[in-house]
Amino acid sequence: MTAVARESQNNFYYLGAALDQLRNHMRRYLGQAAPASVLPRCSPDAPPALERLCHQFGLDTFERELLLLCAGVSLDGEFAELCAAARGDSHKHWVSFDLALQVFNDGQWRPFSTHSSLRYWLLLRLEDPANPQLSALHIDEGILHYLTGHVARDPQVTPLCLPLAPPAPLIDSHQQIADRIARVLADTPGQQPGPLIQITGSQAVAGAAVVQQAFHTLEVQCYRIDAQSLPRELQALHKLFLRLEREALLYRVGYLFEAHYDSDQADTSCSLDYLLKRLTAPCAIARENPLQIPGREILTFAIGRPSYPEQAQLWRQALAGDAQAKDLQDCWPRLPDQFDLSEQQIRTVVRQWRAGDGIAQCDDTGERLWSLCRQHTRQQIGAMVRVIEPAGTDPAALVLPAEEKQIIDAIRQQVLYRHQVYRQWGFAGSGAQGLGISALFAGSSGTGKTLAASVIAADLGLDIYHVDLSAAVSKYIGETEKNLEKIFSAAENSGAILLFDEADALFGKRSQVNDSKDRYANMEVSYLLQRMESYSGLSILTSNYKNHLDDAFRRRLRFIVQFPFPQAAQRRQIWRQVFPNRTPVGELDYEKLSRLEIPGGIIRNIAVSAAFYASGDSCPVGMAHILQAVRDEYRKSEKTLQTNLIAGW
């Protein structure tokens, strides 16, 4: 028999003996013959539940007998008959305080106030609180479970609790935090409440696992509670505090409050503060905003994502033993560099990958795994950022001089081979600063800057986070920095390419400080420069006017690509490639089309309009359709279309 089973058996025998002793006492009170009974001896190292409860809540002999009588009525029908006989009325078979005074206290009066342990700790429930002396009394369901050895969470607490994942080994960095938390809580002197533990970071599941492991080290159960479900009304909140504190005293429980709510939810914050000021049990709070509880020491621990070596190890463990994993030797080592995933996300991605999820109609196992990583790290940031998925953009559609094409290819290669250069060759050892890849695409509108970004994203299989600077820049002090931080943090986790289109609006030349507005505008630019230096991904900035950018900013860019206005030969090539292969095209004179001095973006607009005209005529795209589209485009831009440019069309 195990120690736990032996303890449960001894507790059961002891409770039965205590009830027998109480039954015999009531029989003698009624004048019936009843033998004297003696309780079995109990070990001081493992006292039975009844004695532990009396000790924890300071119950005297009378309160102990009253509690035991209420338990007896719930467990054995004979006690109800004895209560009715003691009253001389067969219909009054319940326990009352007045009855207990007659049976156990020789009729001597004593108060049954709300401050008595039985009522204060909610061990007994009154049917009529307005008349406590005569009200029927019932033992609390959770207390009855405790006395009978059935370990069960308080039914009033259970609806507030969130599920906890089964215990599992933590990664090294998280295990170290759990050990530190356990040491801090274990060092609390005497009966004083320990410090409050605040858990920060976006890893809610990992944070809960760290707290659970720290409590487990201290042999403390962990209850995970949703702070938003806490009651707002004071009396209900006080009763919840008593139940939580009672649960902690009986079962060695600690609490993790999940408080991921908006700062404007003042009522939730007040309810949580009320509990944290009073609970003496170990308490941890998962919350980003600073926690301030007067009179309580607060220690903050940040739970970050696994480090690069830890993520690499997690990928190896998750893919171990999979027959398809042999096809991923060139793929999976790049995943920790490109995607910042939590332990749970890695396991979920591999599970979906094994189930065949990912890109539809794709047999490439590595491409499916990459696609799933991108989906799990993709984030929506409201109006500030538009997420553009990598499309099958044809690199041939990007028409540039050879030198600019080489720079574009160099950007792609640096992202592609970051793992080898940074990790295997040791460049990452010098620090995170400067590991990001930043590029400026400069040139007039329509020269291919955004198209080049799409080509790079499609080739690398990455999302583009297209940043709307008009939505990110705020007139309120500090808000622009907060918005930029949201963007960078989202991009860091997802491995996405950051595309700041028309970056002149924010990255223009820093002005001399003439007033407070100039000073704060310069602070925003300085913050951006600092944040870009620590950004680990690829950031692409587009500008129509390279010379308008600040010199200090340009020095921090790794690449600067000038997109020239296309010459006639380049425009001819763009016209030849602008129509998809499935588009029916008639006889087009590309030499004549290249006379139009317009950039590639405008050429694409004209091609799309011409295709609609041709579709309306139910015929292939011809020069007449393009002429209609050209006239529309020039009219829209309020430019004069010279007749010699369209002669012979």
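The values are calculated or read from the model by the stated rules, or taken from the named source; none is laboratory data. Note that the structure is a prediction, hence the values are computed from the model and not measured. Note that each Cβ is placed from the backbone with ideal geometry, even for glycine, and that neighbours are counted across all protein chains shown.
If I ask for residues that are small (Gly, Ala, Ser) and free of Cβ contacts under 8 Å to residues at least 60 places away in the same chain, which ones from the range 62-99 would you list? If you could, list the steps in order and put the result at the bottom.
Step one: list which residues in the range 62-99 are small (Gly, Ala, Ser), which gives 71-72, 74, 77, 80, 84-86, 88, 90, 96.
Once the filter is applied, which keeps residues that are small (Gly, Ala, Ser) and free of Cβ contacts under 8 Å to residues at least 60 places away in the same chain, the range 62-99 yields 72, 77, 80, 84, 85, 88, 90, 96.
Which condition breaks for residue 376 when tested against (1) crowded, with 16+ Cβ neighbours inside 10 Å; (2) not in a helix (DSSP H, G or I)?
(2)
In the list 206, 214, which residue meets the criterion of being under 15 Å from residue 258 (Cβ atoms), out of contact with any Pro (no Cβ under 7 Å at 6 or more places or on another chain) and not in a strand (DSSP E or B)? Before the answer, list the steps.
Working: 214 fails: under 15 Å from residue 258 (Cβ atoms).
That would be 206, the only listed residue that is under 15 Å from residue 258 (Cβ atoms), out of contact with any Pro (no Cβ under 7 Å at 6 or more places or on another chain) and not in a strand (DSSP E or B).
Somewhere in the range 553-570, is a residue over 30 Å from residue 538 (Cβ atoms), in a helix (DSSP H, G or I) and not polar (S, T, N, Q)? Before the answer, list the steps.
Taking the range 553-570 as the starting set, the residues that turn out to be over 30 Å from residue 538 (Cβ atoms) are 568-569.
When the remaining residues are screened for being in a helix (DSSP H, G or I), the result is 568-569.
From what is left, the residues that are not polar (S, T, N, Q) are 568-569.
Yes, some residue in the range 553-570 is over 30 Å from residue 538 (Cβ atoms), in a helix (DSSP H, G or I) and not polar (S, T, N, Q).
What are the residues in the range 383-419 that are farther than 9 Å from residue 455 by Cα and either of a type in the set (S, T, N, Q) or free of Cβ contacts under 8 Å to residues at least 40 places away in the same chain (or both), if any?
402, 403, 405, 406, 409, 413, 414, 417
What is the number of the single condition among (1) at pLDDT 90 or above; (2) of a type outside the set (D, E, K, R); (3) closer than 20 Å to residue 466 by Cα that residue 534 does not meet?
(1) is the only condition that residue 534 fails.
Could you tell me how many of the residues in the range 578-601 are in contact with a Gly (Cβ under 7 Å, 6 or more places away or on another chain) and either surrounded by 21 or more Cβ atoms within 10 Å (Cβ to Cβ) or in the same structural domain as residue 446 (by TED's automatic domain parsing) (or both)?
Here the count works out to 1.
Could you list, in sequence order, all residues of the range 581-610 that are in a loop (DSSP other than H, G, I, E, B) and either within 48 Å of the chain's Cα centre (by Cα) or not small (Gly, Ala, Ser) (or both)?
Quick first cut of the range 581-610, residues in a loop (DSSP other than H, G, I, E, B) only: 581-584, 586-589, 594-599.
581, 582, 583, 584, 587, 588, 589, 595, 596, 597, 598, 599, listed by residue number.
Every residue in the range 21-48 that is free of Cβ contacts under 8 Å to residues at least 40 places away in the same chain and among the aliphatic types (A, V, I, L, M), please.
Narrowing the range 21-48 to residues free of Cβ contacts under 8 Å to residues at least 40 places away in the same chain: 21, 24, 28, 31-48.
Scanning the range 21-48 gives 33, 34, 36, 38, 39, 46.
Could you go through the range 261-278 and let me know if any residue there is in contact (Cβ under 8 Å) with a residue 60 or more places away in the chain and more than 24 Å from residue 170 (Cα to Cα).
Checked against the condition, which is being in contact (Cβ under 8 Å) with a residue 60 or more places away in the chain and more than 24 Å from residue 170 (Cα to Cα), the range 261-278 yields at least one hit.
Name the residues in the range 100-112 that are buried (at least 17 other Cβ atoms within 10 Å of the Cβ), closer than 19 Å to residue 24 by Cα and in contact (Cβ under 8 Å) with a residue 12 or more places away in the chain, would you?
Narrowing the range 100-112 to residues buried (at least 17 other Cβ atoms within 10 Å of the Cβ): 100-101, 103-104, 112.
Keeping just the survivors that are closer than 19 Å to residue 24 by Cα gives 100-101, 103-104.
Scanning the range 100-112 gives 100, 103, 104.
Look at residue 207 and say whether it is modelled with pLDDT under 95, of a type outside the set (A, V, I, L, M) and crowded, with 18+ Cβ neighbours inside 10 Å.
Values: modelled with pLDDT under 95: yes; of a type outside the set (A, V, I, L, M): yes; crowded, with 18+ Cβ neighbours inside 10 Å: yes.
Against the criterion (modelled with pLDDT under 95, of a type outside the set (A, V, I, L, M) and crowded, with 18+ Cβ neighbours inside 10 Å), residue 207 qualifies.
Search the range 139-159 for residues being in a loop (DSSP other than H, G, I, E, B) and β-branched (Val, Ile, Thr), and hand back the single one that is nearest to the chain's Cα centre (by Cα). Spell out how you get there, then give the answer.
Taking the range 139-159 as the starting set, the residues that turn out to be in a loop (DSSP other than H, G, I, E, B) are 140, 148-157.
The next check asks that each one be β-branched (Val, Ile, Thr); those that pass are 148, 151, 157.
On the way: 148: 40, 151: 32, 157: 24 Å.
In this case the residue turns out to be 157.
Which of the helices (runs of 4 or more DSSP H) found entirely inside the range 277-357 contain at least 3 residues meeting this: among the polar types (S, T, N, Q) and in the same structural domain as residue 435 (by TED's automatic domain parsing)? Steps first, please.
Working: elements: 308-319, 335-338, 343-354.
Ranges flagged: none.
Can you tell me which residue within the range 43-69, out of those that are surrounded by fewer than 15 Cβ atoms within 10 Å (Cβ to Cβ) and not small (Gly, Ala, Ser), is farthest from the chain's Cα centre (by Cα)? If you could, list the steps in order and put the result at the bottom.
Let us first name the residues in the range 43-69 that are surrounded by fewer than 15 Cβ atoms within 10 Å (Cβ to Cβ), namely 43-46, 55-56, 58, 60-61.
From what is left, the residues that are not small (Gly, Ala, Ser) are 44-45, 55-56, 60-61.
Details: 44: 46, 45: 43, 55: 42, 56: 38, 60: 48, 61: 51 Å.
Only one residue fits best here, namely 61.
Is at least one residue of the range 49-61 of a type in the set (Lys, Arg), free of Cβ contacts under 8 Å to residues at least 60 places away in the same chain and either in contact with a helix residue (DSSP H, G or I) (Cβ under 8 Å, 6 or more places away or on another chain) or not in a helix (DSSP H, G or I) (or both)? Show your work before the answer.
We begin by selecting, within the range 49-61, every residue of a type in the set (Lys, Arg); these are 52.
Subset that is free of Cβ contacts under 8 Å to residues at least 60 places away in the same chain: none.
No, every residue in the range 49-61 fails to be of a type in the set (Lys, Arg), free of Cβ contacts under 8 Å to residues at least 60 places away in the same chain and either in contact with a helix residue (DSSP H, G or I) (Cβ under 8 Å, 6 or more places away or on another chain) or not in a helix (DSSP H, G or I) (or both).
Looking at the structure I just gave you, is residue 11 surrounded by 12 or more Cβ atoms within 10 Å (Cβ to Cβ) and modelled with pLDDT of 90 or more?
Numbers: surrounded by 12 or more Cβ atoms within 10 Å (Cβ to Cβ): yes; modelled with pLDDT of 90 or more: no.
So residue 11 does not fit the description; no.
Out of all the residues in the range 118-142, which are out of contact with any strand residue (DSSP E or B) (no Cβ under 8 Å at 6 or more places or on another chain) and crowded, with 16+ Cβ neighbours inside 10 Å?
Going residue by residue through the range 118-142, those that are out of contact with any strand residue (DSSP E or B) (no Cβ under 8 Å at 6 or more places or on another chain) are 120-122, 129-131, 141-142.
Matches in the range 118-142: 121, 122, 142.
Select, from 88, 72, 77, 31, the only residue that is of a type in the set (Gly, Ala, Ser) and either surrounded by 16 or more Cβ atoms within 10 Å (Cβ to Cβ) or within 51 Å of the chain's Cα centre (by Cα) (or both). Working first, answer last.
Working: 88 fails: either surrounded by 16 or more Cβ atoms within 10 Å (Cβ to Cβ) or within 51 Å of the chain's Cα centre (by Cα) (or both); 77 fails: either surrounded by 16 or more Cβ atoms within 10 Å (Cβ to Cβ) or within 51 Å of the chain's Cα centre (by Cα) (or both); 31 fails: either surrounded by 16 or more Cβ atoms within 10 Å (Cβ to Cβ) or within 51 Å of the chain's Cα centre (by Cα) (or both).
Residue meeting the stated conditions: 72.
Could you give me the residue pairs with C-beta distances under 6 Å whose first residue belongs to the range 473-490 and is without any contact (Cβ under 8 Å) to a residue 60 or more places away in the chain, whose second residue is of a type in the set (Phe, Trp, Tyr) and outside any loop (DSSP other than H, G, I, E, B) wherever it lies, and which are 6+ apart or on separate chains?
477/520; 481/527
Quick check on the range 613-625. Is at least one of its residues exposed (fewer than 13 other Cβ atoms within 10 Å of the Cβ) and not in a helix (DSSP H, G or I)? Walk me through how you get there before you give the answer.
Pass one, the range 613-625, residues exposed (fewer than 13 other Cβ atoms within 10 Å of the Cβ): 616-618.
Applying the additional criterion that residues be not in a helix (DSSP H, G or I) yields 618.
Within the range 613-625, one or more residues are exposed (fewer than 13 other Cβ atoms within 10 Å of the Cβ) and not in a helix (DSSP H, G or I).
In the list 297, 258, 245, 310, which residue meets the criterion of being loosely packed, with under 15 Cβ neighbours inside 10 Å and either within 30 Å of residue 50 (Cα to Cα) or of a type in the set (D, E, K, R) (or both)? Steps first, answer last, please.
On the way: 258 fails: loosely packed, with under 15 Cβ neighbours inside 10 Å; 245 fails: loosely packed, with under 15 Cβ neighbours inside 10 Å; 310 fails: loosely packed, with under 15 Cβ neighbours inside 10 Å.
So the residue among 297, 258, 245, 310 that is loosely packed, with under 15 Cβ neighbours inside 10 Å and either within 30 Å of residue 50 (Cα to Cα) or of a type in the set (D, E, K, R) (or both) is 297.
Could you look through the range 529-583, keep only residues that are aromatic (Phe, Trp, Tyr) and out of contact with any strand residue (DSSP E or B) (no Cβ under 8 Å at 6 or more places or on another chain), and pick out the one that is farthest from residue 405 (Cα to Cα)?
553
Got at least one residue in the range 160-180 being crowded, with 18+ Cβ neighbours inside 10 Å, not small (Gly, Ala, Ser) and not in a helix (DSSP H, G or I)? Before the answer, list the steps.
So the first thing to find is which residues in the range 160-180 are crowded, with 18+ Cβ neighbours inside 10 Å, and the list is 160, 170-171, 174, 177-178.
Imposing the further condition that a residue be not small (Gly, Ala, Ser) reduces the set to 160, 170-171, 174, 177.
This time we only want the ones that are not in a helix (DSSP H, G or I), so: 170-171.
Looking for residues that are crowded, with 18+ Cβ neighbours inside 10 Å, not small (Gly, Ala, Ser) and not in a helix (DSSP H, G or I), one finds at least one in the range 160-180, hence yes.
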